[in-house]
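The values are calculated or read from the model by the stated rules, or taken from the named source; none is laboratory data. Here the structure is a predicted model, which means the values were calculated and not measured. All Cβ positions, glycine included, derive from the backbone under ideal geometry; neighbour counts span all protein chains shown. Protein only, heavy atoms only, side chains kept; ligands, DNA and RNA dropped before computing areas. Shrake-Rupley method; radii C 1.70, N 1.55, O 1.52, S 1.80 Å.
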Amino acid sequence: MVAPQQAREVRTAQLSAQERERILKPYLPKTNQGATHQQRHKQRIRPVIRRTIHSLLFAIIHLIFSIYIRIRQAYHAVLGQLLAVLYYHHRTPELIKRDVSGLTKVPKHLSLILDRRESLLDDVCESAAWSACAGVSMLSIYEKTGILKHSLPHLHRRIERTMTSYYGNSPNKPSISLRAPHLPSYSPPTSPDPSINGHDGVSSQRPHLTILLIDASDGRQTLVDLTKTLAEMSQHGKLSPSDISSKLIDAEITESVMGEPDLLILFGAKIVLEGYPPWQARLTEIYHVQDHAGGVGYHVFLRALRKYGQAEFRVGR
Amino acid sequence: MATLHSGSLQRWLLSLPPVEYALQQVRELLIGSLKCGPIPQHIAFIMDGNRRWARTHHVETVEGHHMGFEALAKVLEVCYKSGVEYVTIYAFSIENFKRSKYEVDGLMDMAKTKLVQMSQHGELFDRYGAAVRILGDRSLVRDDVLEQVDKAVEMTKDNGSAVLNVCFPYTGREEIVHSIRETVKDYSSAPPEKRKEKRPFSETHIQRNIRKGSQLESLAEEQEMPAEPPVAETASMPSSDAENTSVSEQDLDSSSHLAHPPSSQTSLSPSPDLQPSSRLDLYAQKKSSSRSKSPHLPDPENISAETLTRNTYINCPPPELLIRTSGVNRLSDFMLWQVHENTECKFIDCLWPEFNLWKFLPALVEWQWSQKKAMNGNGGERAKAA
């Protein structure tokens with residue numbers, strides 16, 4: 001087993017520095033030294049020809065590539081449509097539960113990046129319902145501009161309504177609490193407290209979903225604010241710079257914003273984090289569907305959970 | 001072993017001089033034509049999969065890392081030839097120290113060997129004009145490796161056309177912590193002297209003039225700064241009346257006293273070891289001396305995201321493209337601060353030792369394509385809608 005490595009070491013050891021340079025020479029970019037008259041003439045003509053060839057080739061490459069990418073996009077669009085038909089939730093929690101039943105693990109903390117568009121509120125409500133059905137206990141929704149944070153009670157009412165459309169008035173209907181960093185948590189005022197009517201044990205089993213709304217200011221700006229506080233403390237002599245550790249910052253950030261999500265789903269065509277909190281994105285599994293243009297779809301959500309749960313994704317059941 | 005030799009015929013074919021020459025020409029041609037379009041200024045690579053490659057090919061882990069290094073050399077050549085200015089590679093994570101000692105030592109030895117070779121071929125490296133920068137927590141690296149690191153950095157530091165950032169014991173979180181710590185340090189010590197030296201005016205002089213003017217006019221302003229006038233006069237004298245003098249003396253005559261604020265600080269506190277408490281005293285006294293803010297310490301409110309960016313290890317614009325091999329869809333603690341905004345991440349399903357021009361080009365072309373689409377955005381949207 002060790003033989004090739006040793007052989008390689010022997011080989012490299014045998015070559016002196018000069019020999020290595022000699023081997024490398026032909027691969028290096030050319031220098032412009034020692035050009036004779038004839039070569040100088042060539043130097044005027046050749047670059048022109050080369051540039052023409054290059055731009056021609058560039059055009060050809062991009063032509064082929066754009067054909068390829070259109071085909072790929074079409075393929076992904078068809079596949080997406082097909083999956084959207086095959087895997088539809090029909091607003092039935094049991095169906096969603098069955099879809100995720102074969103998974104080895106379901107993320108405890110799921111995170112989504114949503115775009116600001118007309119259906120944003122619906123997207124939030126629907127994804128909250130799917131998450132609740134799939135057994136996710138913490139859902140953080142990132143929307144860059146922070147428009148979602150404007151009215152927590154309103155959003156809570158909408159989510160509650162969507163949940164009712166999924167669960168009806170079943171006792172298993174999860175309770176929802178909605179919060180945003182630096183804003184007071186909005187807990188359901190209508191939801192019964194488990195301690196009050198825990199008589200039949202059903203309400204104590206009632207699942208709970210915490211929804212956290214975050215925006216661009218909870219990323220860098222939070223870290224900047226933390227630095228300001230730390231700097232002030234240091235100026236007052238309450239802290240020495242050597243006290244600042246990863247642990248301290250993690251504790252602070254986790255408390256003021258959130259912990260690390262297990263899975264992050266993007267509904268865009270490519271992976272761009274758009275200012276998602278950097279500290280938390282450390283080990284998060286990032287999922288997106290290539291060339292996806294269909295917005296927040298249940299099949300994307302399901303595929304993400306399946307990828308996370310290491311399950312094979314089969315077309316058809 | 002078998003898998004290593006099974007490709008030997010193919011390799012023999014590829015290494016025939018005419019074939020090799022033709023391939024080289026094709027590569028040059030492709031790179032040259034790609035240069036006609038937009039090229040990312042900064043590309044970051046997470047070189048993942050060396051160990052898995054070694055495992056699937058039944059060779060030693062260290063051998064996998066060697067192959068990974070060769071793949072890196074090829075990719076770097078493509079990058080620099082096509083005009084990328086900054087390349088950042090994730091060479092070694094702080095977490096990797098948790099691996100077996102044998103492997104860590106092997107990696108360190110490899111880094112050292114490569115760096116020694118690099119310093120032997122100084123002028124060859126210069127021809128690409130790449131400067132090497134090592135980013136990360138240096139305190140974790142062995143001394144003999146560190147020596148070679150410094151040598152390589154020193155040797156290439158004058159190269160201006162391209163930069164190779166090697167993240168070597170690095171994690172993104174550690175970088176953020178480092179940046180915060182440096183910022184806090186900056187803001188809890190006096191600002192550098194040079195900023196004040198540039199100006200030809202002395203604050204003491206100005207204040208003296210104000211005082212003269214105010215004495216001539218009326219005595220109304222004196223109530224607003226009661227402590228200063230006598231202090232300014234005694235500024236050159238040895239501090240006769242205790243703490244208050246030396247404190248506001250610092251306040252006033254900062255340009256001349258900046259060089260030794262610690263000494264005046266220790267003269268205040270009974271025990272110089274108790275730094276925080278003495279600084280606390282100092283601050284309390286400053287507050288009591290009718291000033292709410294000390295002019296010595298910069299205002300923490302001025303800290304912004306740019307301040308933190310300036311204090312990170314990576315001193316260049318954020319990457320446009322992040323490429324991670326081996327099909328793992330995580331950032332794994334790499335460049336969190338730089339990558340979380342507009343960087344496009346690409347997770348490529350191949351192991352790093354197998355990564356080469358042919359795997360890299362599609363990613364680059366796709367980036368160019370989306371860049372072009374973004375530029376004439378309306379046209380692209382309409383085409384998509386149609």
For this session: For B:Asn378, state whether it is out of contact with any Ser or Thr (no Cβ under 8 Å at 6 or more places or on another chain), polar (S, T, N, Q) and either in a loop (DSSP other than H, G, I, E, B) or at pLDDT 75 or above (or both).
Result: no
Exercise. Name the pairs whose Cβ atoms lie under 6 Å apart, with the first residue in segment A:84-95 and within 16 Å of A:Val289 (Cβ to Cβ), the second surrounded by 13 or more Cβ atoms within 10 Å (Cβ to Cβ), and 6 or more positions between them or separate chains?
Worked result: A:Ala84/A:Gly297; A:Ala84/A:His299; A:Tyr87/A:His299; A:Tyr87/A:Leu302
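Confirm whether B:Gly106 is free of Cβ contacts under 8 Å to residues at least 60 places away in the same chain, surrounded by fewer than 21 Cβ atoms within 10 Å (Cβ to Cβ) and within 19 Å of B:Leu322 (Cβ to Cβ). Outline the logic, then answer.
Working: free of Cβ contacts under 8 Å to residues at least 60 places away in the same chain: yes; surrounded by fewer than 21 Cβ atoms within 10 Å (Cβ to Cβ): yes; within 19 Å of B:Leu322 (Cβ to Cβ): no.
Criteria not met by B:Gly106.
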Exercise. Any idea how many residues of segment B:137-190 are modelled with pLDDT under 90, within 14 Å of another protein chain (Cβ to nearest Cβ) and part of a loop (DSSP other than H, G, I, E, B)?
Worked result: 6
For this session: Quickly run through segment A:288-313 and pick out the residues that are modelled with pLDDT under 90 and touching a Ser or Thr at 6+ places or on another chain (Cβ under 9 Å).
Result: A:Gly295, A:Gly309, A:Gln310, A:Ala311
For this session: Inspect all residues belonging to segment A:227-236 and state whether any of them is facing chain B (nearest Cβ under 7 Å) and under 19 Å from A:Met138 (Cβ atoms).
Result: no
For this session: Could you figure out which of (1) aromatic (Phe, Trp, Tyr); (2) under 20 Å from A:Gly297 (Cβ atoms); (3) open to solvent by 20 Å² or more (accessible area, probe 1.4 Å) isn't true of A:Trp130?
Result: (3)
For this session: For B:Phe125, work out the one condition from (1) at pLDDT 80 or above; (2) in a helix (DSSP H, G or I); (3) surrounded by 19 or more Cβ atoms within 10 Å (Cβ to Cβ) it doesn't fulfil.
Result: (1)
For this session: May I ask you to say which residue of A:Ser256, A:Ser217 is more than 10 Å from chain B (Cβ to nearest Cβ) and in contact with a Gly (Cβ under 9 Å, 6 or more places away or on another chain)?
Result: A:Ser217
Exercise. Among B:Val26, B:Val19, which is open to solvent by 40 Å² or more (accessible area, probe 1.4 Å), of a type in the set (A, V, I, L, M) and within 12 Å of another protein chain (Cβ to nearest Cβ)?
Worked result: B:Val26
For this session: Please specify each residue of segment A:251-266 satisfying the condition of being open to solvent by 10 Å² or more (accessible area, probe 1.4 Å), touching a residue at least 24 places away in the same chain (Cβ under 8 Å) and farther than 17 Å from A:Ala216 by Cα.
Result: A:Glu252, A:Asp262
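Select from segment A:111-126 the residues that are open to solvent by 70 Å² or more (accessible area, probe 1.4 Å) and touching a strand residue (DSSP E or B) at 6+ places or on another chain (Cβ under 8 Å) and list them in ascending order. Spell out how you get there, then give the answer.
First, pick out the residues of segment A:111-126 that are open to solvent by 70 Å² or more (accessible area, probe 1.4 Å): A:115-118, A:122.
Result: A:Asp115, A:Arg116.
So, B:Val87, is that one under 22 Å from the mean Cα position of the chain (by Cα), touching a residue at least 40 places away in the same chain (Cβ under 8 Å) and open to solvent by less than 20 Å² (accessible area, probe 1.4 Å) or not?
Numbers: under 22 Å from the mean Cα position of the chain (by Cα): yes; touching a residue at least 40 places away in the same chain (Cβ under 8 Å): yes; open to solvent by less than 20 Å² (accessible area, probe 1.4 Å): yes.
In short, yes.
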For this session: Given the conditions (1) out of contact with any Ser or Thr (no Cβ under 7 Å at 6 or more places or on another chain); (2) under 21 Å from A:His54 (Cβ atoms), report the number of the one that B:Ile39 does not fulfil.
Result: (1)
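Between B:Trp337, B:Trp369, which is part of a helix (DSSP H, G or I), closer than 22 Å to B:Cys167 by Cα, facing chain A (nearest Cβ under 7 Å) and in contact with a helix residue (DSSP H, G or I) (Cβ under 8 Å, 6 or more places away or on another chain)? It would help to see each step written out before you state the result.
Details: B:Trp369 fails: closer than 22 Å to B:Cys167 by Cα.
Going through B:Trp337, B:Trp369 in turn, just one is part of a helix (DSSP H, G or I), closer than 22 Å to B:Cys167 by Cα, facing chain A (nearest Cβ under 7 Å) and in contact with a helix residue (DSSP H, G or I) (Cβ under 8 Å, 6 or more places away or on another chain): B:Trp337.
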Exercise. Identify, please: which residue in segment B:49-73 is open to solvent by less than 40 Å² (accessible area, probe 1.4 Å) and more than 12 Å from chain A (Cβ to nearest Cβ) and is, among those, nearest to the chain's Cα centre (by Cα)?
Worked result: B:Leu72
For this session: Output the number of residues of segment B:303-325 satisfying the condition of being assigned to a loop (DSSP other than H, G, I, E, B) and open to solvent by 10 Å² or more (accessible area, probe 1.4 Å).
Result: 9
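Which of the residues spanning segment B:32-48 are within 14 Å of chain A (Cβ to nearest Cβ), under 30 Å from B:Leu336 (Cα atoms) and not basic (Lys, Arg)? First the steps, then the outcome.
Here is the first cut: in segment B:32-48, the residues within 14 Å of chain A (Cβ to nearest Cβ) are B:32-40, B:44, B:46, B:48.
With the extra rule that they be under 30 Å from B:Leu336 (Cα atoms), the set shrinks to B:34-35, B:37-40, B:44, B:46, B:48.
Passing the criteria: B:Leu34, B:Gly37, B:Pro38, B:Ile39, B:Pro40, B:Ala44, B:Ile46, B:Asp48.
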Exercise. With (1) surrounded by fewer than 19 Cβ atoms within 10 Å (Cβ to Cβ); (2) in contact with a helix residue (DSSP H, G or I) (Cβ under 8 Å, 6 or more places away or on another chain); (3) not hydroxyl-bearing (Ser, Thr, Tyr) as the list, and B:Glu95 as the residue in question, which single condition is left unmet?
Worked result: (2)
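Condition check ((1) assigned by TED's automatic domain parsing to the domain that holds A:Arg282; (2) closer than 28 Å to A:Tyr276 by Cβ) across all residues:
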| site | (1), (2) |
| --- | --- |
| A:Val78 | no, no |
| A:Val100 | yes, yes |
| A:Val106 | yes, yes |
| A:Leu112 | yes, yes |
| A:Tyr142 | yes, yes |
| A:Arg157 | yes, yes |
| A:Arg161 | yes, no |
| A:Ser170 | yes, no |
